[in-house]
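The values are calculated or read from the model by the stated rules, or taken from the named source; none is laboratory data. Please read all numbers here as calculations on a predicted model, not as lab measurements. Every residue, glycine as well, gets a Cβ built from its backbone with ideal geometry; the counts of neighbours run over all protein chains shown. Accessible surface is based on the protein model in full, side chains and every heavy atom, while ligands, DNA and RNA are left aside. Shrake-Rupley method; radii C 1.70, N 1.55, O 1.52, S 1.80 Å.
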Amino acid sequence: STMRKRQTTDSPHSSTDRTEGKEKLRLKQEVGLISGVSLIAGTMIGSGIFMSPEWVLYHMGSPASSLLIWAACGLLAVFGALSYAELGTIIKESGGEYIYILRIFGSFPAFLFAYTSVILVRPAGLAAVCLSFAEYAVAPFYPGCSSPQVVVKCTAAACILLLTIINCLNVRLATSIMNIFTAAKLLALLVIVVGGVVLLAKGQTQSFQNAFQNTTASIGAVGVAFYQGLWSYDGWNNLNYVTEELKKPEVTLPRAVMIAIPLVTCLYLLVNVSYLAAMTPSEVLSSGAVAVTWGDKVLGSWAWLISLSVALSTFGSSNGTFFSGGRVCYIAAREGHMPDILSMAHVRCLTPSPALLFTSAMSLIMIISGSFTSIVNFFSFIAWFFYGMTISGLLYLKIKKPELPRSYKVPIIIPIIVLMAAVYLVLAPIIDQPQIEILYIVLFIFSGVILYFPLVRFKCHPRFLQRVTLHLQLFLEVAPTTRDAN
């Protein structure tokens, strides 16, 4: 049965060598409710709320309809996370979508997910966050005009290289940076919310008069607006990547979701209202960095504080994305779906440096070739394709295997709504405004077939690959971690 779990060769409490010590750390159940809420909210609040509002408004055409999109995105994130919470209490393994697809649908679709996630999805997410960091970091040096794309892309590339060094050398430094920068992002959002309340109290409500005027009715435009809004909510499924490390996952998962996501949704709505109180819709649309423009209009000579806070926030978010980036890569390699080198750790630093270096290289390629908005659209297309597959797996388990033990049950209407939304988000832009890039992405996903059968199914590994792995081990000073038995 595909639901059958693998048994580990070593006890999770064993620590006879350093690699087993790393495995022990990975399995230690130390994430409680407060940590779970922080993990979800800290990952969700990244670059999106500072970059996406102008694009949501651009595609929707009116302030009121853009606010409805932000609220709908929050509701969809709650529904998706609650559906994932039930999956997490049935399949109590880390790895998120990858492990659920593997256990429910089997090896082949799980390989396609891992192949696409490791090479496209995670690097695309990191590239988009680093591009938004760069946009805000260089904005103060180009007042009153758009920053040159060459400068923005070089700054984003420098950010990725710095993150690579930090995460490959020291886990403690990486986690400390994440905690410090989470405080910066909350401070930046609170300043914007308070500023918006003051402006509304003074009567600056012109953006909300005839607020639905010019609303678009295009199916594809609404779908792309959802993509831009949902990018800001990305991270709602983060706890499912660390299920093995949760204290009482059956309780912690649903509770953390119900606290964190509504909190972030309210914060996002208030920030958007603040933007529209300070600026007219046309000013929001012409702003390259909407939070910086808000700071210029509201804070005057203190506007640099917003640029600094947002740059720190997005850097911290990209660090968090990078820090967790090796998890799917590691688990997929552990299951034999990725090259062995990607499941190895540095012998002294005990960091998954090969996986991090690979993610870094792919992200640099995406930064060179794409812009923030195009990367987000294609990231969202792939992400919701696999979210839909995962949710359909939950519906299969609810209908065909109701006897499986589960301590939390989500009403069946909720995953049905999420599945319908996923189908809409995947198909709407294709039907309304077909782009050749989406065809390339679909072809890329199914190009995994060419690799799966010889390399994974029939295990035809050319000898030169073993030599390459050995040389990379010596060069990178990495060794295998504890793997699960077949």
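Quick notes on this one:
- Exactly one residue out of L239, L263, L285, L253 is over 23 Å from F208 (Cα atoms) and open to solvent by 10 Å² or more (accessible area, probe 1.4 Å): that is L263.
- Total residues in region 155-200 satisfying the condition of being closer than 17 Å to L267 by Cβ and of a type in the set (S, T, N, Q): the figure is 1.
Here's the yes/no breakdown for (1) at positive phi; (2) of a type outside the set (D, E); (3) without any contact (Cβ under 8 Å) to a residue 24 or more places away in the chain; (4) open to solvent by less than 40 Å² (accessible area, probe 1.4 Å):
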residue	(1), (2), (3), (4)
V290	no, yes, no, yes
V298	no, yes, no, no
L312	no, yes, no, no
S318	no, yes, no, yes
A333	no, yes, yes, yes
I341	no, yes, no, yes
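- Output for region 440-481, where each listed residue is surrounded by 11 or more Cβ atoms within 10 Å (Cβ to Cβ) and outside any helix (DSSP H, G or I): S447, H461, E477, V478, A479, P480, T481
- Filtered residues of region 418-440 (kept if within 30 Å of E86 (Cα to Cα), touching a residue at least 60 places away in the same chain (Cβ under 8 Å) and of a type in the set (V, I, T)): V418
- Neighbours by Cβ (under 7 Å, 6+ apart or cross-chain): first from region 387-407, under 16 Å from A110 (Cβ atoms); second open to solvent by less than 80 Å² (accessible area, probe 1.4 Å) and of a type in the set (F, W, Y): T390/Y100; G393/Y100
- Against the numbered list (1) open to solvent by less than 50 Å² (accessible area, probe 1.4 Å); (2) closer than 28 Å to I441 by Cα; (3) at pLDDT below 90; (4) not basic (K, R), L102 comes up short only at (3).
- Residue count for region 134-157, restricted to those that are closer than 30 Å to P352 by Cβ and either open to solvent by 50 Å² or more (accessible area, probe 1.4 Å) or basic (K, R) (or both): 2
- You will find that of P402, P434, the residue that is farther than 25 Å from G223 by Cβ, not charged (D, E, K, R) and not in a helix (DSSP H, G or I) is P402 and no other.
- Put simply, of S66, S52 the only residue that is surrounded by 22 or more Cβ atoms within 10 Å (Cβ to Cβ), among the polar types (S, T, N, Q), at pLDDT 90 or above and under 21 Å from Y268 (Cβ atoms) is S66.
- One residue from L112, L131, L120, L57 being among the hydrophobic types (A, V, I, L, M, F, W, C), in a helix (DSSP H, G or I) and open to solvent by 20 Å² or more (accessible area, probe 1.4 Å): L120
- Residue within region 316-331 that is of a type in the set (A, V, I, L, M, F, W, C) and modelled with pLDDT of 80 or more present: no
One line per residue, one yes/no per condition, for (1) over 14 Å from L357 (Cα atoms); (2) crowded, with 20+ Cβ neighbours inside 10 Å; (3) aliphatic (A, V, I, L, M); (4) at pLDDT below 75:
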site: C159; (1), (2), (3), (4): no, yes, no, no
site: L162; (1), (2), (3), (4): no, no, yes, no
site: N167; (1), (2), (3), (4): no, yes, no, no
site: A174; (1), (2), (3), (4): yes, no, yes, yes
site: F181; (1), (2), (3), (4): yes, yes, no, no
site: L189; (1), (2), (3), (4): yes, yes, yes, no
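- Flag for S369 being without any contact (Cβ under 8 Å) to a residue 24 or more places away in the chain, over 21 Å from L465 (Cβ atoms), surrounded by fewer than 19 Cβ atoms within 10 Å (Cβ to Cβ) and not basic (K, R): yes
- Scan region 201-235 for residues that are in a helix (DSSP H, G or I) and surrounded by 16 or more Cβ atoms within 10 Å (Cβ to Cβ) and the total you get is 15.
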